[in-house]
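First comes the structure, then the notes that go with it.
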Amino acid sequence: MLELVIVRHGESEGNAAQMFTGHGPSPLTARGRRQAMATAAVVAQKPLTALYVSDLPRAMQTLEPLASLTGLEPRVRPQLRERDMGAWVGVTFRELEAQHPEGWAALRRRDPDHAPPGGESHRQCAARLAAFADTLRAEHPEGRVALVSHGVAIHHLLAHLVGLRANDTVFTTENCAIHRVEVHRDGRVRVVSLNDTQHLARL
């Protein structure tokens, strides 16, 4: 059995400013760094087989404390990046709603085929995360694997793992929340916990 420990990055400067970050650089805030340390302390309580991480700075910074505690070398995978928001990177939610109401409406209804200018649709993002998940399952039929990714990317990863259409269900993931999923050799998937933030209560 493979146990997946799926973590969203800590609070980033883009999160704090309520803007679209996508593939853009957006380092962790001081709060985000504290979240990363608290998350690492919890995840490292049980031995890990491997660590995977998006190559974007906020995810890499979130994984650093866990890599330090476990001594494992992170496996950096661009497939774990957030949805590419193209020309909307750096645009705040309010600005987009005011300046591009049609694009904002498409985002709100989670249109699977709508893509920001120069960016990526939900369908494209979902295909990327599905390919990653299938490769991961083939490479790790058993063990305990932790990965750090991003909100929309994690939504699509979870939807693929449990066999749901990505636009039928929305998986919410707070900063440094933890999802735990067991993938069995016979194909069964057991969801142990979703969006767990108990370890952040004292921050």
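The values are calculated or read from the model by the stated rules, or taken from the named source; none is laboratory data. As the structure is a computational prediction, the values presented were derived from the model and not from experiment. Here the Cβ positions follow ideal geometry from the backbone for every residue, glycine too, while neighbour counts run over all protein chains shown.
Is it true that SER68 is loosely packed, with under 15 Cβ neighbours inside 10 Å and of a type in the set (Ser, Thr, Tyr)? It would help to see each step written out before you state the result.
Details: loosely packed, with under 15 Cβ neighbours inside 10 Å: yes; of a type in the set (Ser, Thr, Tyr): yes.
Taking the combined requirement at face value, the residue satisfies it.
So that you can scan it fast, the table gives a plain yes or no per residue for (1) assigned to a strand (DSSP E or B); (2) in contact (Cβ under 8 Å) with a residue 24 or more places away in the chain; (3) over 21 Å from LEU2 (Cα atoms); (4) touching a Leu at 6+ places or on another chain (Cβ under 8 Å):
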{"site": "LEU129", "(1), (2), (3), (4)": "no, yes, no, yes"}
{"site": "ARG137", "(1), (2), (3), (4)": "no, yes, no, yes"}
{"site": "VAL145", "(1), (2), (3), (4)": "yes, yes, no, yes"}
{"site": "HIS156", "(1), (2), (3), (4)": "no, yes, no, yes"}
{"site": "LEU161", "(1), (2), (3), (4)": "no, yes, no, yes"}
{"site": "ASN167", "(1), (2), (3), (4)": "no, yes, yes, no"}
{"site": "VAL181", "(1), (2), (3), (4)": "yes, yes, no, yes"}
{"site": "ARG190", "(1), (2), (3), (4)": "yes, no, no, no"}
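May I ask you to list the residues in the stretch 154-171 that are of a type outside the set (A, V, I, L, M, F, W, C) and at pLDDT 95 or above? Can you show your working first?
The initial filter retains those residues of the stretch 154-171 that are of a type outside the set (A, V, I, L, M, F, W, C), namely 155-156, 160, 163, 165, 167-169.
If the condition is that a residue be of a type outside the set (A, V, I, L, M, F, W, C) and at pLDDT 95 or above, then HIS155, HIS156, HIS160 are the ones that fit.
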Being closer than 21 Å to HIS155 by Cβ and surrounded by fewer than 18 Cβ atoms within 10 Å (Cβ to Cβ) is the filter here, so list the residues in the stretch 77-90 that pass it.
ARG77, PRO78, GLY86
Do we find a residue being buried (at least 21 other Cβ atoms within 10 Å of the Cβ), part of a helix (DSSP H, G or I) and modelled with pLDDT of 95 or more anywhere in the stretch 98-120?
no
If LEU51 passes every condition in (1) surrounded by 18 or more Cβ atoms within 10 Å (Cβ to Cβ); (2) under 26 Å from THR169 (Cα atoms); (3) in contact (Cβ under 8 Å) with a residue 12 or more places away in the chain but one, which one does it miss?
(2)
